[in-house]
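Heads up, the thing below is written out as structure tokens.
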Amino acid sequence: MKIIASTALALLAAGVAGTALADLSVCNHSGVRTFVALASDTDAGYITRGWTTVEANGACTKVVTGALPNRFYYLYGHDEEGMEIAGNDRFCVVTGRSFNILNADQSCSGANREWRDFLEIDTGDEADFTFDVYDR
């Protein structure tokens, strides 16, 4: 199975008085549970966080809740069958457990740390953005 990723803008309004949602979500339309890591730029440097589980068959999970401070985010993922969501931007992850790594674009030394190629996500000027994963 090959994972195909696409982006879709979710321009949603919620609740009263047109309050806009502001989240970055990953929706998994494949038939296999997927695990994702997210990299983002902060005042202190790039940070990676993982692993967030996104269940199969249309389930969605928020990976950033609230206002999106950045236009660009970077996503890496893999499913239970070993397929990957990957791109051309290298960041450090920790395999086998949850992690937060500061300066993840500069150093990757330590137990179970590995470089992975993340996919750049351009959220544009949208307050709410959904990244969709499909299998093929």
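The values are calculated or read from the model by the stated rules, or taken from the named source; none is laboratory data. For clarity, every value in this text was computed on a predicted model and none was experimentally measured. Cβ placement follows ideal geometry from the backbone for every residue including glycine, while neighbour counts extend to all protein chains displayed. Just the protein is used for accessible areas: all its heavy atoms, side chains included, with ligands, DNA and RNA removed. Shrake-Rupley method; radii C 1.70, N 1.55, O 1.52, S 1.80 Å.
Surface exposure of the stretch 70-136, expressed per residue as accessible area with a 1.4 Å probe, stands at 54 Å². For the stretch 47-136, applying the loop criterion from DSSP together with a ceiling of 14 other beta carbons within 10 Å to the GluC sites (Glu not before Pro) yields E55, E80, E81.
After finding the eigenvalues of the alpha carbon gyration tensor for the stretch 43-136, what semi-axes result from the square roots of 5 times each, listed largest first in whole Å?
Details: eigenvalues 86, 69, 29 Å².
Square roots of five times the eigenvalues give 21, 19, 12 Å.
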